[in-house]
1. Quick one: in region 224-268, which of the residues that are outside any loop (DSSP other than H, G, I, E, B), polar (S, T, N, Q) and in contact (Cβ under 8 Å) with a residue 12 or more places away in the chain is most open to solvent (accessible area, probe 1.4 Å)?
2. May I ask you to list the residues in region 487-522 that are touching an Asp or Glu at 6+ places or on another chain (Cβ under 7 Å) and aliphatic (A, V, I, L, M)?
3. Would you tally the residues in region 64-105 being touching a Leu at 6+ places or on another chain (Cβ under 8 Å) and open to solvent by 60 Å² or more (accessible area, probe 1.4 Å)?
4. Please indicate, with yes or no, whether at least one residue in region 209-223 is open to solvent by 60 Å² or more (accessible area, probe 1.4 Å), part of a loop (DSSP other than H, G, I, E, B) and touching a helix residue (DSSP H, G or I) at 6+ places or on another chain (Cβ under 9 Å).
5. Evaluate the following for residue 122: is it buried (at least 18 other Cβ atoms within 10 Å of the Cβ), part of a helix (DSSP H, G or I) and in contact with a Ser or Thr (Cβ under 9 Å, 6 or more places away or on another chain)?
6. Between residues in region 175-187 that are farther than 11 Å from residue 142 by Cβ and residues that are open to solvent by 30 Å² or more (accessible area, probe 1.4 Å) and hydrophobic (A, V, I, L, M, F, W, C), which pairs lie under 6 Å by C-beta distance while being six or more apart or on different chains?
7. I need the strands (runs of 3 or more DSSP E) fully contained in region 399-490, keeping only those with at least 2 residues that are open to solvent by less than 40 Å² (accessible area, probe 1.4 Å).
8. So which residues in region 277-334 are assigned to a loop (DSSP other than H, G, I, E, B) and either over 20 Å from the mean Cα position of the chain (by Cα) or polar (S, T, N, Q) (or both), if there are any at all?
Amino acid sequence: MGGTSARGGADDGAHDVAVIGYGPTGVTAANLLGGMGLRVVVVERDAEIFSRARAISTDEEVIRIWQRIGLAERLKQDMLAERPLDFVDARGRTFLSARPAPRGHGHPPQMFLYQPALEQVLREGVERYPNVTVLLRHECLRTRQDADGVELTVARTGEDSVRRLRARYVIAADGGSSLTRAQLNVGYEGRTYEDRWVVIDTEMLKPWPDHDRLRFRCDPARPAVDCPTPLGHHRWEFPILPGDDERGLTTDDAIYAMVSRYGIGRDQIKILRATVYSHHVRFAARFRVGRVFLAGDAAHAMPPWIGQGMAAGVRDAANLCWKLAAVLRGELPEPVLDSYEAERKPHVKEVTRRAVLVGRIITERRLPVARVRDTALRAIRPVSSLTSRLVDSNWIPVASYAKGFQARPSAKASGHQIPQPWVIRSDGERVRLDDVLDGRWLLLRLGPPCPQQAWERAGVPSLAVLPAGSRPAEGAVVDGDGVLPAWLAERDVTTVVLRPDAYVYAAASAGAQLPPPPAGFEPASRPAVVSAQ
């Protein structure tokens, strides 16, 4: 894709949403909004996909989001799944080894990826939607809001001419140095760590033992990240230490010298590129300014240690896009958009906190402290349940929302995303649950129906969960593994109202009435999703 997309109609017409930036956050948003039938324009400064593989992993919840846009299975073809992770000492001995535990989203808990290939698939996905216009080699110079929408002043890079676009809302996903955020005068609070790291992307020419394991090399002399990436690539990361020549450390000779410590010869890898970056911990003071929303790195930046920078931006897009669609359709009142920051910011901060903690374990260079770390973690390694619990509880925090858009009084299930088991739908086909939920408001219940008149009057459909061995029936799914009944029982509820993103808005126990629909809730007959052929 180089230049203006050939699809999407007149570029200067009124759009529902403008997306600034076409990295993973922006391209996910474009796919989500395009599939919802909204008129979307994307503004991206660069002509091509950024060639450096920045993100190297993702998790099952993010794959579940990409499932919603029909691209999960294609994306997974280019990923590595079910790879263990090891923390190793200076002599290469493992002192902690584990695999992140599944959390019920229906996909592998962690997958390694090659970002340029991933973005290519996501961009090809956008081409399915004639209601999405993509403007490459264009930069948004200014946004100006009024009562009805946002005017964007856009220039084609390398030219003097400018044009103006209009949109009802804007998603600014234009990166950590976001020009949009600066123009809105939104502070970007936090710190930059003093350590700078050289990141090296390589092509694997000859494999070596255990090349497909993620290793955090906790060597006080020079820590390192040794990471498998798919499609024949491998990633290395090394800190620039005091006294190092930063520029010299990115040369081929220096890189080969560093990887030779791990038995990697010049004939085994081809160096594709090496760059230096700093770790940041940053949060925008606000994620929303009127009709403009910050997402991805424009809203937050975190160290890479648990592989959640890109994932956080994709979660932002998933949380925001269905709410924008609901407001634009008149299904929900405009203040619901305030729940975007209320839900996403606390989770992003917790993810960042855990990334910082893991980074401290990896990069500890004080010898006495490093020895205590190695000894303590090696002592619990034989206890597999304890090891798994330690990694699972301290790796990626569950994206649940204590505050935000949910009914009051809340229940134990409120603000949590329902798990996604394989189910048998009424036509007898075995599918993942979200393929039945179909991105809509829905009552999900166990056992006999309890009339929920307020929700029924609002036109919200109901879906019954039947136990294993049941005959498929209209308005029901068969959960052969009992995942949903167990999840609901653990939270003492039998009926839940699911938002379009499969998070629980309201819940009730057997025979009880659900809290009423939100104020101003008027779901229209949902427009057909734009064909993704």
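1. Within region 224-268, the subset outside any loop (DSSP other than H, G, I, E, B) is 224-229, 233-240, 248-250, 252-260.
Okay, now just the ones that are also polar (S, T, N, Q), so 229, 250, 260.
Restricting the remaining residues to those that are in contact (Cβ under 8 Å) with a residue 12 or more places away in the chain gives 229, 250.
Working: 229: 13, 250: 42 Å².
Taking the candidates together, the pick is 250.
2. 502
3. 3
4. no
5. Considered against the rule, which asks whether it is buried (at least 18 other Cβ atoms within 10 Å of the Cβ), part of a helix (DSSP H, G or I) and in contact with a Ser or Thr (Cβ under 9 Å, 6 or more places away or on another chain), residue 122 comes out as yes.
6. So the pair list comes out as 186/285; 187/285.
7. Values: elements: 422-424, 430-432, 442-446, 462-466, 476-478.
Correct list: 430-432, 442-446, 462-466, 476-478.
8. Pass one, region 277-334, residues assigned to a loop (DSSP other than H, G, I, E, B): 285-287, 290-291, 295, 299, 302-308, 329-333.
Correct list: 285, 290, 291, 308, 329, 330, 331, 332, 333.
The values are calculated or read from the model by the stated rules, or taken from the named source; none is laboratory data. Please read all numbers here as calculations on a predicted model, not as lab measurements. Cβ sites come from the backbone with ideal geometry, for glycine too, and all protein chains shown count toward neighbours. For accessibility, only protein heavy atoms count, side chains too; no ligands or nucleic acids. Shrake-Rupley method; radii C 1.70, N 1.55, O 1.52, S 1.80 Å.
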